[in-house]
Structures are given as structure tokens and as C-alpha cells.
């Protein structure tokens, strides 16, 4: 199958329009299995992807002062029912640069697929990095996903990431993100996952506010039904004066599902401040009764409430 056909095959599963690749102002990177099937960079933005023995090595470098106006599209996918995909990602944003990446990870027919992402991300002084990752899985639960990232924010840098796994069965996901924040930098990490049947969800996110005036927010939203399980560990450490952090974890549990949330906050300076909020429980009964009074049955009302929480 030629690269162009594989690229279109990936795009189709994401719900995006094929013509996103027609605009020369839009950078993109598409990887099918461990094969690079499409790539385009832009002036000031260098995207290098090379196939290695057990995966794909990706390097993204954004030069000083360069601001990419349109979202960069990435897609990592495995189309067969079985397979292994490993992405080794290194991102470097130079001073005062800016980029917004929209990434799809798609495994629509998976019965036994493993996806590994191992990332090192450096956001330079005054630079901004936004990364939205949306997952599309099959309904079999045959996907195992291991995203791991080490993030370093220099002075006055901004890092925002949104992780969504709302389509298909989760299977197994094991997230491990660790961020180090220097002076006046900003970190925001959000994860939204819908689990059912025997899905297993593990999330570990850590924000280390090492610089004066740095800020960090960890937000997690998980819905669990049937026999799904979730273990969430969110940690913020505030080390310097005027560092500010917040941990916000909410999990909805239905049927025989099990949820565990561990918010950890640590303050090492009297002028720093970190708060946390963790809530685990069933769907709000008043909301449920209100929706049912308007003609929805219990399952329909429950689904609508969960969609609102994960939305």
C-alpha cells in the first residue's frame, strides 16, 4: 500500500477532512505502524522522523521567535488487528516560539495492539507549547497504551496538554507525565477518559514547581462502568515563593467499577500555595431525576451526564 493511501486511511478513522493536507501552511506528520507515511514542515519548524529498529524516532525543533499560526496535525496509528508501535519523541522549542499540535492516536480495529510513546519535551524561555491528543480505539479492548513524557519548562514558558480517550474501549492505558517548571512558567495538564467493561486506567502526573511564581494545574476526569478500574496519582510540589498549584480529580463510578485517586500536594516555601480536590462517586441523583423527568431513560440520562463531565 503506497504512503498516500495509508495517510488517507489514517485520516479517515480520525473524522478529520482529507483536505487538511492540501494547505501548504499546515505542517503534519503521519505514522502508520512504524512507518512514516507523510510529513511536512514549515520555515522555522523542523520535523524529522526516521524509522529505527523497533519504532520511529521523531525530532521537532522550533526556532527562536517562530510562531506557527495553524495547528500542526499528527497522526499515529496501527490499522491491522495486531501490531506494535513505538514513538521516541524529542521536542525543543526555542525562546519566544509558539506551537499548537493536534495529534490523533488511532487503533480502530485493534485486537492485540501495543502503542508506546516516550517523549522528552523542552519549552524554551517565553515559549508556548499546546498539545491535544485524541485517541480512537476499537470496541474489543485489545489496545495497550503507554505514554511517558518528561517535560522541562524554562522561565516564563507555557505548557498545556489535553489527553482524550472517549471513543472505543480503553483496553489498558498507563500514563506517566512529569513536568519541571522554572520561574514564572505555567503548566496545565488535563486527562479525560471513558472506561467500561474490563478497561484498566492508570494515570500518574507530577508537576514540580521549582521556580518562583510558577503555576501548575492537574485536571483529571474519568468515568467508569461495568468492571473498569482506575488508579490516579496526581502530585504537585511547590518549592519556591509565590508558586501556585491545584489538583482536581473527579471520577464517576457505576456498576462494579473501582476507582482510586491519590492527590499529593507538597509545599516547601511558606509563600507558596497548593490546593487539591478529589471526588469519587456515582452520577448525581438530582441531575439523573431531572433528565428522566424530561423523557430519558436511566441509561440515556447517565450517558448524557457522563458526556457532560468528560466534555
For this session: Enter the Cα centre distance for the pair the stretch 84-102 and the stretch 40-56, rounded to the nearest angstrom.
Result: 10
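Name the shape class, rounded, prolate or oblate, that the alpha-carbon gyration tensor gives for the chain, where a ≥ b ≥ c are the square roots of its eigenvalues, rounded holds for a/c under 1.5, and otherwise prolate holds if a/b is larger than b/c and oblate otherwise.
Working: a/c = 1.85, a/b = 1.07, b/c = 1.72.
Since a/c reaches 1.5 but b/c is at least a/b, the shape of the chain is classed as oblate.
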Seminar exercise, completed: So, relative contact order of the stretch 55-172 in percent, Cα under 8 Å, 6 or more apart, is 25
Problem set entry | Whether the stretch 1-89 is rounded, prolate or oblate, judged on the alpha carbon gyration tensor where a/c under 1.5 counts as rounded | oblate
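Using alpha-carbon pairs under 8 Å, 6+ residues apart, how would you state the relative contact order of the stretch 1-113 in percent? Show your work: numbers first, answer last.
Working: 239 pairs, mean separation 28.7, N = 113.
Relative contact order of the stretch 1-113: 25 percent.
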Seminar exercise, completed: Note on the stretch 189-311: alpha-carbon gyration tensor, axes a ≥ b ≥ c; rule is a/c under 1.5 for rounded, else prolate if a/b larger than b/c, else oblate; result prolate
Exercise. Taking only C-alpha pairs under 8 Å that are 6+ residues apart, what is the relative contact order of the chain in percent?
Worked result: 9
For this session: Can you pull the one-decimal nm distance between simple spin-label points at residue 46 and residue 70, each 7 Å off the Cα toward Cβ?
Result: 2.3
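For 189, 84, what's the fewest-to-most ordering of other Cβ within 10 Å of each Cβ? Kindly include the intermediate steps, with their values, before the conclusion.
On the way: 189 25, 84 15.
The order, fewest Cβ neighbours first, is 84, 189.
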Exercise. What is the packing order of peptides 119-125, 284-290, taking the mean over residues of other C-beta atoms within 10 Å and listing the highest first?
Worked result: 119-125, 284-290
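Read-outs: derived from the displayed coordinates by stated rules, not from any lab. Note that the structure is predicted; figures quoted are calculated from it, not measured. Cβ atoms come from the backbone with ideal geometry, glycine included; neighbour counts cover every protein chain shown.
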